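The values are calculated or read from the model by the stated rules, or taken from the named source; none is laboratory data. The structure displayed is predicted, hence computed values, not measured ones. Note that each Cβ is placed from the backbone with ideal geometry, even for glycine, and that neighbours are counted across all protein chains shown. Each accessible area value is taken on the protein alone, full model and side chains, heavy atoms only, with ligands, DNA and RNA left out. Shrake-Rupley method; radii C 1.70, N 1.55, O 1.52, S 1.80 Å.
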Protein chains: 2
Amino acid sequence: MTVVRSEVRPGVYHDSIVLMQLQVSLMDLPGVLDAGAVMGSPENLQILEANELLPETLSGVRAGDLVVAVKAESEDDAARALRSVEALLVRGGSEVNEDFRPRSLSSAARLSPGAGWVLVSVPGRYAAGVAREALELGRHVFLYSDNVPIAQEVVLKAEARSRGLLVMGPDCGTAIINGVGFGFANRVRRGAVGLVGAAGTGLQAVTAGIHARGAGVSQAIGTGGRDLQAEVGGVTALQGLDLLARDPETRVIVLVSKPPEPAVVGRLLAAAQRTGKPVVVNLLGYAPPAPRLGSLHFAASLGEAARLAAELLREEPESRSPASGHRAEARDFGYLRGLFSGGTLALEVLQGLRAFLEPLHSNMSIDDVLLLADPSQSEAHSILDLGADEFTVGRPHPMIDNDLRLRRIRQEAADPEVGLILLDVVLGDGAHPDPASELAPAIEAARAVRDVEFAAIVVGTEEDPQDLGEQVESLARAGARVFRDTAEALEDLARRRPRQPGVEPPPVPLDAFQSPVSAINVGVESFFDSIVDQGADALHVDWRPPAGGNERLMEILSKMGR
Amino acid sequence: MTVVRSEVRPGVYHDSIVLMQLQVSLMDLPGVLDAGAVMGSPENLQILEANELLPETLSGVRAGDLVVAVKAESEDDAARALRSVEALLVRGGSEVNEDFRPRSLSSAARLSPGAGWVLVSVPGRYAAGVAREALELGRHVFLYSDNVPIAQEVVLKAEARSRGLLVMGPDCGTAIINGVGFGFANRVRRGAVGLVGAAGTGLQAVTAGIHARGAGVSQAIGTGGRDLQAEVGGVTALQGLDLLARDPETRVIVLVSKPPEPAVVGRLLAAAQRTGKPVVVNLLGYAPPAPRLGSLHFAASLGEAARLAAELLREEPESRSPASGHRAEARDFGYLRGLFSGGTLALEVLQGLRAFLEPLHSNMSIDDVLLLADPSQSEAHSILDLGADEFTVGRPHPMIDNDLRLRRIRQEAADPEVGLILLDVVLGDGAHPDPASELAPAIEAARAVRDVEFAAIVVGTEEDPQDLGEQVESLARAGARVFRDTAEALEDLARRRPRQPGVEPPPVPLDAFQSPVSAINVGVESFFDSIVDQGADALHVDWRPPAGGNERLMEILSKMGR
């Protein structure tokens, strides 16, 4: 017959790693069948209960109390196990350097005024408070803790941003700052690839992959898994990209994340373009619009991201000029209006533009693109599929009949905010016998009145009934830039910086990334150990939950206005 | 002062191209400011009205009546224009060979018993009826018409499938069958690339791109834009893939579409894998899980799809063996259970498996993957992120503590339906000091009882505190296959054919794709012209709306049971 016995030690705090070691040691004792050692939060008590380690509900246990429970073969075995807890805890902690341990973050900060980094891995409910204190002390935060409410994340990151500080996290598993890994991190050589990642093991897999390919890492900045949600808006990722743009050590950037929210993707990719450095992008679940867009190189997997980064590093900067013969002038354009006869081409262009233009409108509905209230009136940047039902009912398809397009070219060209009109010209059997004969004069007429740019994507072969060369020639003579596929056109547009609000975060100073790492660790002790193992300077805070983990008392203290 | 005058010609039918030519000719006449020429459907009358070409609502006009309207500078100009309609119609039609014109599809079919193809481009409301008649006559259908209700598409495709026939469409803009373009098509050389496309101009852009790269096209099969919606289920795309798999001329396949519904993607990619030929996949808006998966090669743009297809054609078949050293045995595996400590790795594997495994379950929620009701119990193929909150509350992360994984390995291995257990092993600072020392014995123990396969993705560097080589060695000794990234593991899995229901459509005979094209055209006359221009055999039906376009009469006739 098995017995289950438990014991509560009020106010005794240990971190989860120490408790895990205790649990394993207890299970190794003779006659012990199962064991649990947790801090007494309601969730933890539930887990003990689910594992049949709490025969009856304990009352009066607080989150700051240690609860130890054993299931054993006899009453004696259980009693012996509980008696050995103290000894096991001492044994478990024996390897730790206990030289001197400040009891609070503020005293640690006084002792280590040069420590630019605070690692926080205390339980979620306390984490935001510790992180806020670190920011107030002017330190960057690596916030490993999970279960931090998203509203607290938003507030913390706004605070950090206004102070020119980073909050990596919450739920940030990894970072490599100036050669030192925080949290979980692989040892990789130093080098010229800088990374921003909203995906912990993703960042680890890519840094390890870069190392395996002989390249190295300048900085790897974690953002926490929720940074790219609309509510948070990618604050840390945007700060990270800006940092890497300014960091002279970083020559190639990698951006990796779990599925980001569509609303954030555009802003993120625009910021990536603005770095002016090649950026390898791997956003899991995001369909890249092209293999490459301006300085963005899209990877379909973590492994490919590592490979591309290593390759780009080897490339000489001059060989990175656009593949197409079209060298773009580095000038702004006004609003873009795309007037397409081919739905797929329109959609491909629309998907591509999402990476760098906003606000985008269309008569085609995709994710975060705004559906035009009235397809007959463009707004801001608009991409129209003129072959859609609302345009073709009762009239021939725009691939046969240019009438609708000719009208629309006149309409768009008359809008003074429009800077660029993009057309497709699809040749072949069934299509208009000579589309350029109608489109070219319209382009010429529009350009005679005002300096509006035209670009045309021509799809066809030299075997088509229309003379392909003659069509291209005639459009070019009228003043249109001619591209042979959408990727080429997108590549050209992406290289130019459209007139759009560039919301730059206040810059985070580079110094903490360029000087030797010095960190304060609050929470899981093994994170302190591994920083010391890596030869960096660190101080561990002997942290305990405020008010002994008593939630009501904590609330009262917090209301008394710290 | 301008005047607007209109005229109704009861029962006179012309197709939209002829009417467009008439309209353009009318606008060229002196004094004419605008003109319209449409069949008298309510939608068309609304368009005239919106263009201020119908000062008062016409009553008693039917869809089978011709309506001509002009806006002119004077009463005289308007009257002269309307008087010239007859002459303009004759002029417009003068180029057409009027030798002999059957009045119905059935008489055309009798005249041309060898015509394997019927092109249908009559107005949407009549299109399904004509297509059904073509199927009953045993002919494949190219259905250009749009505005066909999706319910009719479902019925038509079920009928076609049961007869071993194809319905390309509705709203199918292009196809190239045995060298002859249907609808809108570019002239491309014949070759060894076969295409299936649910994207009209997409298919045109890829075929033109293949031609531009010196390669050629065997068949290009359009499916219509809605084929990959869940309701239709990709019937035509699946038939097309099956056809190209069997077609000896086709060596490389390209699959291109506008955004498909997630529920259809898995089935489609599994069918693509089953062809046994290299397949270039470009599904707009679908995030590829890897650059390559088994025989699937993912392209991010239409241009890249063309480039990849041309490249694959040049490759010798033997050089297409897997890049990794792991030659997969061509044997089935049972259910796959993935037990991950890294969330991003788990997600990357899950995204990849969607391309070839179903039913898939997970504790992570993405699109069409089924969320496990109880994460502690796997179902069918399951991929678990053991670092998710539901597993980590109150216990250390599985990257530090193997306890949860060891239990779960025992649990999964005990399930007789499980054939393969997939783990990740993430090394580095912060992680468990020697994960293989705990995982390898568990693998060995499981394999001692039953022939269950193990595979491990190991992320780490040789600088990591754990000995990378030793970790890999130890896992391999225990009997696990070891991969260095998720793409490598996915590649291996994709090359093996999992035990899963292979729903094959009844095969469409190849003969209509291998013999010279002979077609019957019902609808837009220029499609007939271009088939004849291409040197193929065609017959045009002098089609008129049934019952003179009188909808009530049509309904009565149809209820009388034809």
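Net charge near A:Gly338: determine it from the other residues with C-beta under 12 Å of the C-beta of A:Gly338, scoring Lys and Arg +1 and Asp and Glu -1.
-1
Hey, what did chain A get for relative contact order, percent, Cα under 8 Å, at least 6 apart?
14 percent
Tell me the distances, shortest first, between B:Gln152 and the same position across the other copies, using label points 7 Å along Cα→Cβ, in nm to one decimal.
When each copy's label point is compared with this one, the spacings are 6.0 nm.
For B:Val122, what is the net charge nearby, where nearby means another residue's Cβ is under 13 Å from its Cβ and Lys, Arg count +1, Asp, Glu -1?
Every neighbour counted, the sum reads -2.
Toward the positive end of the charge dipole of the protein assembly as shown, about the Cα centre and with charges on Cβ (Lys, Arg +1; Asp, Glu -1), which of B:Val196, B:Ala127, B:Val369 goes farthest?
B:Val196
What does the charge count near B:Val193 come to, summing +1 for each Lys or Arg and -1 for each Asp or Glu among other residues with Cβ under 12 Å from its Cβ?
+4
Between A:Ser104 and A:Glu390, take the C-beta separation as r, use R0 = 60 Å, and let me know the FRET efficiency to the nearest 0.05.
Calculated value: 0.35.
Would you mind calculating the relative contact order of region B:100-181 from Cα pairs under 8 angstrom and at least 6 residues apart, reporting the percent as a whole number?
That works out to 26 percent.
What FRET efficiency would be calculated for the residue pair A:Leu510, A:Ala445, taking the C-beta separation as r and a Förster radius of 56 Å, to the nearest 0.05?
The formula returns an efficiency of 0.60 here.
Between B:Gly338 and residues 5 or more places away or on another chain, which pairs have amide H atoms under 5 Å apart, with H built 1.01 Å from N, and which residues are they?
Counting only residues 5 or more places away or on other chains, the set is B:Ser382, B:Ile383, B:Leu384, B:Leu422.
Using a label position 7 Å from Cα in the Cα→Cβ direction, what is the ascending list of nm distances from A:Glu463 to the same site in the other copies?
5.5
State the percentage of accessible surface on region A:4-56 attributable to carbon and sulfur atoms; use a 1.4 Å probe and exclude ligands, DNA and RNA.
Here it works out to 53 percent.
What does the copy distance list look like for B:Asp533, label position 7 Å along Cα→Cβ, in nm and ordered from shortest?
When each copy's label point is compared with this one, the spacings are 7.3 nm.
When a/c is below 1.5 the answer is rounded, else prolate if a/b is larger than b/c, else oblate, so apply that to the protein assembly as shown with a ≥ b ≥ c taken from the square roots of the Cα gyration tensor eigenvalues.
Prolate, since a/c reaches 1.5 and a/b exceeds b/c.
Which value in deg cm²/dmol, rounded to the nearest 500, describes the helix-derived mean residue ellipticity at 222 nm for chain A, given -39,500 (n - 2.57) per DSSP H run of n ≥ 4 and division by the residue count?
Mean residue ellipticity, 222 nm, calculated: -11000 deg cm²/dmol.
Which residue in B is nearest the B/A rotation axis when you measure from the C-beta atom, and what is the distance in Å?
B:Ala287, 2
Counting only C-alpha contacts under 8 Å and six or more residues apart, can you give the relative contact order of region B:327-405 as a whole percent?
34 percent
By its C-alpha gyration tensor, with a ≥ b ≥ c as the square roots of the eigenvalues, how is region B:128-183 shaped: rounded for a/c under 1.5, else prolate for a/b larger than b/c, else oblate?
oblate
If I fit a long axis through the Cα atoms of helix B:302-314 and take the longest principal axis of the Cα atoms of chain B, what angle between them do I get, 0 to 90°, rounded to 10?
Relative to chain B, helix B:302-314 is tipped by roughly 70 degrees.
Nearest 10 degrees is fine. How inclined is helix B:200-212 to the longest principal axis of chain B, computing both from alpha carbons?
80 degrees
Would you list B:Ile457, A:Ile47 from the most to the least accessible area, probe 1.4 Å?
Greatest to least solvent exposure: A:Ile47, B:Ile457.
Angle check, please: helix B:486-495 long axis (alpha carbons) against the longest principal axis of chain B (alpha carbons), in degrees 0 to 90, nearest 10.
Helix B:486-495 and the main axis of chain B meet at about 70 degrees.
Let a ≥ b ≥ c be the square roots of the eigenvalues of the Cα gyration tensor of chain B; is it rounded (a/c under 1.5), or, if not, prolate (a/b larger than b/c) or oblate?
Here chain B falls in the prolate category.
What is the count of Lys pairs in the protein assembly as shown whose alpha carbons sit under 24 Å apart, if the two are 8 or more places apart or on different chains?
Lysine pairs meeting both conditions in the protein assembly as shown amount to 7.
For region B:373-444, which whole percent of the accessible surface, found with a 1.4 angstrom probe, sits on carbon and sulfur atoms?
Carbon with sulfur: 50 percent of the solvent-accessible area.
So what is the accessible area of the protein assembly as shown per residue, in Å², with the probe set to 1.4 Å?
Accessible area per residue: 38 Å².
Residue by residue through region B:395-400, which ³J(HN,Hα) values in whole Hz follow from phi under the Karplus form 6.51 cos²θ - 1.76 cosθ + 1.60 (θ = phi - 60°), with glycine and proline marked x?
Coupling constants for region B:395-400: 9, x, 5, x, 6, 9 Hz.
Taking all protein chains as present, what is the carbon and sulfur share of the accessible area of region A:198-268, in % to the nearest whole number, probe 1.4 Å?
Exposed carbon and sulfur together represent 49 percent of the surface.
How big is the A-B contact in terms of buried accessible area, both chains counted, 1.4 Å probe, rounded to the nearest 100 Å²?
Summing both sides, the interface buries roughly 6100 Å².
Considering only DSSP beta bridges where both residues belong to chain A, give the percentage that are antiparallel (nearest 5).
Bridges in chain A that DSSP calls antiparallel: roughly 25 percent.
Convert each backbone phi in region B:423-439 into a coupling constant with the Karplus relation 6.51 cos²θ - 1.76 cosθ + 1.60 (shift: θ = phi - 60°), then list the ³J(HN,Hα) values in order as whole Hz, x for Gly and Pro.
These are the phi-based 3J(HN,Hα) values: 10, 10, 10, 9, 8, x, 4, x, 7, 3, x, 7, x, 4, 5, 9, 6 Hz.
Express in nm, to one decimal, how much length is gained between B:Glu56 and B:Arg407 on full extension, taking 0.36 nm for each residue of separation and deducting their alpha carbon distance.
Extra length available between B:Glu56 and B:Arg407 comes to 118.3 nm.
Which residues' amide hydrogens lie under 5 Å from the amide hydrogen of A:Phe298, considering only partners 5 or more residues apart or on another chain, with H built in the peptide plane?
Distant-sequence amide H within range of A:Phe298: A:Val281, A:Arg292, A:Leu293.
B:Ala79 to B:Gln377: extension gain in nm, 0.36 nm per residue of separation minus the Cα-Cα distance?
Taking B:Ala79 through B:Gln377 to full extension adds about 99.2 nm, to one decimal.
Would you tell me the mean number of C-beta atoms belonging to other protein chains that fall within 10 Å of each C-beta in B:269-282, as a whole number?
The mean count of partner-chain Cβ atoms within 10 Å per residue comes to 0.
Considering only DSSP beta bridges with both partners in the protein assembly as shown, what is the antiparallel share in %, to the nearest 5?
25 percent
Near the amide H of A:Ser518, under 5 Å away, which other amide H atoms are found, from residues 5 or more places off or on another chain, if H is placed in the peptide plane?
A:Gly116, A:Trp117
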